[in-house]
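The values are calculated or read from the model by the stated rules, or taken from the named source; none is laboratory data. Please read all numbers here as calculations on a predicted model, not as lab measurements. A quick note on method: Cβ atoms are made from the backbone with ideal geometry, for glycine too, and the neighbour counts reach across all protein chains shown. Surface areas here come from the heavy atoms of the whole protein model, side chains and all, with no ligands, DNA or RNA. Shrake-Rupley method; radii C 1.70, N 1.55, O 1.52, S 1.80 Å.
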Amino acid sequence: ACTGIENIDEAITLLEQNNWDLVAAINGVIPQENGILQSEYGGETLHGPAYGPTSHSTAASSTPSSSSAFRHVVPSRQIVERQPRMLDFRVEYRDRNVDVVLEDSSTVGDIKHILENELQVPASKMLLKGWKTGDVDDSTVLKTLHLPKNNSLYVLTPDLPPPSSSHSGALQESLNQNFMLIVTHREVQREYNLNFSGSSTIQEVKRNVYDLTSIPVRHQLWEGWPPSATDDSMTLAVSGLTFPCHRLTVGRRSSPVQTREQSEEQCTDVHMVSDSDGDDFEDATEFGVDDGEMFGVASSALRKSPMMPENAENEGDALLQFTAEFSSRYGDCHPVYFIGSLEAAFQEAFYGKARDRKLLAIYLHHDESVLTNVFCSQMLCAESIVSYLSQNFITWAWDMTKEANRARFLTMCTRHFGSVVAQTIRTQKTDQFPLFLIIMGKRSSNEVLNVIQGNTTVDELMMRLMAAMEIFSAQQQEDIKDEDEREARENVKREQDEAYRISLEADRAKREAQEREMAEQFRLEQIRKEQEEEREAIRLSLEQSLPPEPKEESTESVSKLRIRTPSGEFFERRFLASSKLQVVFDFVASKGYPWEEYKLLGTFPRRDVTQLDPNKSLLEVKLYPQETLFLEAKE
């Protein structure tokens, strides 16, 4: 109103240059000779047109033509050059993630050209999704989207063939389907039939419903979404909606306090009054706007719902509401608060591997402190602080506004940190909040490294965080060294145990092999003995069945056979020439050479006697009057 600056980035830059001193920032822009604002610390004295009806009345009486304190002034001012802001994008495409870093002066098309080289996908075939502000085109400048430093996007390529996976094919098919959403506006009992593609997000649906019903997204109370639809960035294809038609109901969330739009309307009304003539402004008291209350209207309008329910049974549910309300008040660029109990936060921060451990930052909020809004919006949500906390800290939060929640936290504090820390927090005055506790886990206890009060600056907050990080890093290096030594000892012990186990296995395997070998030898020996006994029995039986050997002086024809064994020994016997050849075979078998294993060969002519008919006589097979034969083992 005083300077006429409409560019929010320029205004913030000016405030940062003047350390957020509003009077100094205005005097730095407006020429000093105009005497718009001056400040004398120690007594708030404002020279020139002052804020407030009383001061203005005085000015008006002395100068009838004087304009309102809020009259629009267009001074000559310096052009503040703004350094380009770098934005980080993590883009997901199927099974790949691509990191892109660009200046905020770039366009959406620039992101697509970079992705075209990385993904080998034509830029014209890409649908870049995940924008918090809805669909954008390639010419949209990133700066106009007011994006946080870190962003997550995803690429859809409906015109390209899906990967050779049935799941991916089904997902791509769902993304290409059109869903009919029948949305009932509860208050006016009116239905809207809305068509959305499967690639549209739940956030896009809610924004479209805002255009139809004038209910802002944060005040929409929905019924009918599937249980799986837990994130507004989720596409309709994967949200579990009934295809092709799904019914939903929307209404305005009831709240005992004024909405942000109402507060903005009242703030707009105040500026409209400030732009009016002086006489109109002097009549503002008729509408209940007394001295010192002009900004009280806007202040009361900005009251929000509680950050945390007063008697929440589950700490995780309380933190969910805290995170949602914090985002509603101060935007999405804020620390990632751990959702869960304080004990779970300890477990996450302190009880992993030494290399993975982090410091624990506990943010204690208090709505009644005058420092809360500035601390949250200007320091806790600063990109540098958010980035540093996300990399090095587990951040847990609690609301100390309600007495029940305050008592509950003090009880937790006494249990985990001791009565001294609890007493320190208990004695903090309301205007000293919010508090930021830096906790470091030790082997036997948890140590509070620092308690940061709300009356600080971004630089001081960062310095204290970095100082705590230095202490933690030194302790962490010791813990890593101890852990590495312990793991080395455990590895040696495991290797020794493994070597011992392998040795035992080898010994057992060797013993089992020996036992198997001995058992096999015993079995073979038994078989051999049985075979020998069987052979001996057969030999004795054949020997007993042989006819008696004829005498030399026998009057019958006698054939004398001389038989050579494979070992070189000879044995002789006389047979009747009329005896069958089988008798010779039985004789040889009775000596331990069965004809199934040995063949009986003649010397001249060389012939295999075992191939002859065993029923023929010796005379017929020409083994008369005498013959020398030799035994040979069959192959």
For this session: State whether the residues of segment 589-602 include one that is more than 23 Å from Arg535 (Cβ to Cβ) and not assigned by the TED database to the domain that holds Ala537.
Result: yes
Exercise. Hey, does segment 576-599 have a residue that's farther than 23 Å from Ser541 by Cα and not in a loop (DSSP other than H, G, I, E, B)?
Worked result: no
Seminar exercise, completed: Here, helices (runs of 4 or more DSSP H) confined to segment 355-463 with at least 2 residues that are within 21 Å of Leu320 (Cβ to Cβ), without any contact (Cβ under 8 Å) to a residue 60 or more places away in the chain and more than 26 Å from the chain's Cα centre (by Cα) are 403-417
For this session: Could you tell me which numbered condition Phe522 fails, if it satisfies all but one of (1) modelled with pLDDT of 90 or more; (2) closer than 28 Å to Glu596 by Cβ; (3) open to solvent by less than 90 Å² (accessible area, probe 1.4 Å); (4) in a helix (DSSP H, G or I)?
Result: (3)
Seminar exercise, completed: Ser503: passes all of (1) touching a Phe, Trp or Tyr at 6+ places or on another chain (Cβ under 9 Å); (2) assigned to a helix (DSSP H, G or I); (3) of a type outside the set (D, E, K, R) but (1)
For this session: Examine segment 560-570 for a residue that is more than 13 Å from Leu631 (Cα to Cα), at pLDDT 90 or above and surrounded by 10 or more Cβ atoms within 10 Å (Cβ to Cβ), and state whether such a residue exists.
Result: yes
For this session: Quickly run through segment 223-237 and pick out the residues that are open to solvent by less than 40 Å² (accessible area, probe 1.4 Å) and either among the charged types (D, E, K, R) or not in a loop (DSSP other than H, G, I, E, B) (or both).
Result: Thr235, Leu236, Ala237
Seminar exercise, completed: The residue that is modelled with the lowest pLDDT, considering only those in segment 525-558 that are polar (S, T, N, Q) and open to solvent by less than 90 Å² (accessible area, probe 1.4 Å), is Ser554
Exercise. What about Gly296, is it modelled with pLDDT under 50, open to solvent by less than 70 Å² (accessible area, probe 1.4 Å) and not assigned by the TED database to the domain that holds Ser199?
Worked result: yes
Seminar exercise, completed: The condition from (1) part of a loop (DSSP other than H, G, I, E, B); (2) exposed (fewer than 12 other Cβ atoms within 10 Å of the Cβ); (3) in contact with a strand residue (DSSP E or B) (Cβ under 7 Å, 6 or more places away or on another chain) that Asp99 misses is numbered (1)
Problem set entry | Of residues in segment 238-278 being more than 18 Å from Ile182 (Cα to Cα), modelled with pLDDT of 50 or more and among the small types (Gly, Ala, Ser), the one surrounded by the most Cβ atoms within 10 Å (Cβ to Cβ) | Ser255
Exercise. Got a number for residues in segment 608-625 being in a strand (DSSP E or B) and loosely packed, with under 15 Cβ neighbours inside 10 Å?
Worked result: 1
Seminar exercise, completed: Flagged in segment 358-390 as open to solvent by 40 Å² or more (accessible area, probe 1.4 Å) and in contact with a strand residue (DSSP E or B) (Cβ under 7 Å, 6 or more places away or on another chain), in numbering order, are Lys358
Exercise. Yes or no: Phe322 at pLDDT 90 or above, within 30 Å of Ala404 (Cα to Cα) and open to solvent by 40 Å² or more (accessible area, probe 1.4 Å)?
Worked result: no
Exercise. If a residue has to be in contact (Cβ under 8 Å) with a residue 40 or more places away in the chain and open to solvent by less than 40 Å² (accessible area, probe 1.4 Å) to count, how many in segment 341-354 make the cut?
Worked result: 6
Seminar exercise, completed: Those residues of segment 391-434 which are surrounded by 14 or more Cβ atoms within 10 Å (Cβ to Cβ) and of a type in the set (Ser, Thr, Tyr) amount to Thr395, Thr401, Thr414, Thr424, Thr430
Problem set entry | Hits in segment 122-155 (condition: assigned to a strand (DSSP E or B), without any contact (Cβ under 8 Å) to a residue 60 or more places away in the chain and closer than 17 Å to Arg96 by Cα) | Leu128
